[in-house]
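One structure is given below, encoded as structure tokens.
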Amino acid sequence: MNVELTYQSRIAEYLHVDAEQVSLYWKGRVALYTMLKAMGVGPGDEVVLPAFTCVVVPNAILYLGATPIYVDINPTVLCCSAEQIEQALTPKTKAILIQNMLGLSFEVEEIVSLAKSRGIYTIEDCTHGFGGKHQGVFNGLRSDASFFSSQWNKPFSTGIGGMLVVNNRDLLQPVNPLNSHLIKPSAKDQYILYILIWARTYLLKGFTYWTFLRLYRWLSKKGVVVGSSSASELEGIQMPKDYVKGMSKVQCRAGIKALSNLEQLISQRKNSGILVHDWLTSQGKTTVPAEHLAQHAFLKYPMLVKDRELFLQHAEKEKIPLGDWFISPLHPVLDSLEPWGLEVSNVPNAVYISKHIVNLPLEIPVPRLINFLELYKNEII
Ligand SMILES: Cc1ncc(COP(=O)(O)O)c(C=O)c1O
């Protein structure tokens, strides 16, 4: 069996689905774009999505000529409720994106049944949630389709990478021809990715995190390395050349290796997430509602701080690999969100959270993390 088919069947085995339901892509966003296209999304259609996401998500909608309709988030779970989504539906709504943020899912069943009752497709954005569960079911299995990411900081990493799982088998028919036209990653793309995966595995230790991160972001902005996003994806809504790329052998090999100890990693993150939660609760700080803890495999634990820039400086000084994801409702775009059609005054929760959120790493020893938090606890909200 070739490496692509092996990886596809390992993903399928993990999620208990059939291999034919799984497709592989260069990045998660390509999986989303392919799914929307297979659903027939195009000009005149609306796609409902959270106003607290990565800018590449509305990009995939806009590249097809459709209109993103943003819904504010519930600030405690960082996701949209079924009630909030219902208010955004119109006769033009073709699909709803349900996102699990940092591994957290919310009201997925309710949103899926609402969509079904209106004849609307659902896609779960499980880029943070591979292997996690919601109400006892793996993330991504309730909706018509779901997409996953295996980019650097995701539940497991292939450098960059994406997968699509199609649950509504009627959609396999339009997906398959799209998959057979994917662009093949070049030898250069694969070689650079191989070096980056190697560097991350062997050079990225706690003390090099901040240096490596800065260097990687700078090089990918300059287009020198295969970065998570190209400058054009962050600057506007034109689809980049070679966007619709398939997955390479380098990614498949890294994925097969990473899947072998994923269960252990998820259980470690979950245990650490609970310890961090308990500490934040004991200090009277904002936490994820306790009823979510049993279900979710946190990728990171979200925390709110008064002054994020300052808090990140503390983390760098103390060599804690703190994350700064979602610094904007359409991360990481800080300037005008007008090209993406997002009016920030309509989404006050997303604006507030994106000003104050940091995410705590759950792979480092918890006592070290809590010692750090103790030092700066007056700056935590
Ligand atoms: C919420 C969310 N959706 C989608 C994506 C896109 O995933 P990828 O980088 O694999 O295209 C990301 C990327 O980090 C993300 O955070």
Legend entry - Point-charge dipole on Cβ atoms (K/R +1, D/E -1) for region 214-294, about Cα centre, debye to 20: 460 debye
Inset, instruction - Using Cα centres only, tell me the gap between region 1-55 and region 126-189 in whole Å. - result: 4 Å
Legend entry - Net charge dipole size for the chain [Lys, Arg +1 and Asp, Glu -1 on Cβ; Debye, nearest 20]: 1320 debye
Legend entry - Selection from Trp198, Val333, Tyr376, by position along the positive dipole direction of the chain (Cβ): Trp198
Legend entry - Cut-off 12 Å between beta-carbons: net charge of the residues surrounding Phe372, Lys and Arg +1, Asp and Glu -1: 0
Legend entry - Three-way shape label, region 124-263, alpha-carbon gyration tensor, a/c 1.5: oblate
Inset, instruction - Calculate the dipole size of region 1-72 relative to its Cα centre from +1 charges on Lys and Arg beta carbons and -1 charges on Asp and Glu beta carbons; express the result in debye to the nearest 20. - result: 240 debye
Legend entry - Length-normalised contact order of the chain in % [C-alpha pairs under 8 Å, at least 6 apart]: 20 percent
Legend entry - Relative contact order %, region 3-179, counting alpha carbon pairs below 8 Å whose residues are six or more apart: 24 percent
Inset, instruction - Rounded to the nearest 500, what is the 222 nm mean residue ellipticity of the chain from helices alone, with -39500 (n - 2.57) per DSSP H run of 4+ residues and division by all residues? - result: -12000 deg cm²/dmol
Inset, instruction - Indicate the gyration tensor shape class of the chain (rounded, prolate or oblate), computed on the Cα atoms with a ≥ b ≥ c the square roots of the eigenvalues: a/c under 1.5 is rounded; otherwise a/b larger than b/c is prolate and the rest oblate. - result: rounded
Legend entry - Loop trypsin sites (Lys or Arg not before Pro), region 240-269, which have at most 11 other Cβ atoms in a 10 Å radius of their Cβ (DSSP): Lys241
Legend entry - For the chain, built as a Gaussian network whose Cα springs stay under 10 Å, the top-fluctuating residue of Leu330, Leu178, Leu15: Leu178
Legend entry - Three-way shape label, region 18-124, alpha-carbon gyration tensor, a/c 1.5: rounded
Legend entry - Per-peptide average of other Cβ atoms within 10 Å, ordering 229-235, 71-77 highest first: 71-77, 229-235
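Read the figures in this text as sums done on the coordinates, not as results from a lab. Predicted model, so just to flag it, every value in this text is computed and none were measured. Cβ atoms come from the backbone with ideal geometry, glycine included; neighbour counts cover every protein chain shown.
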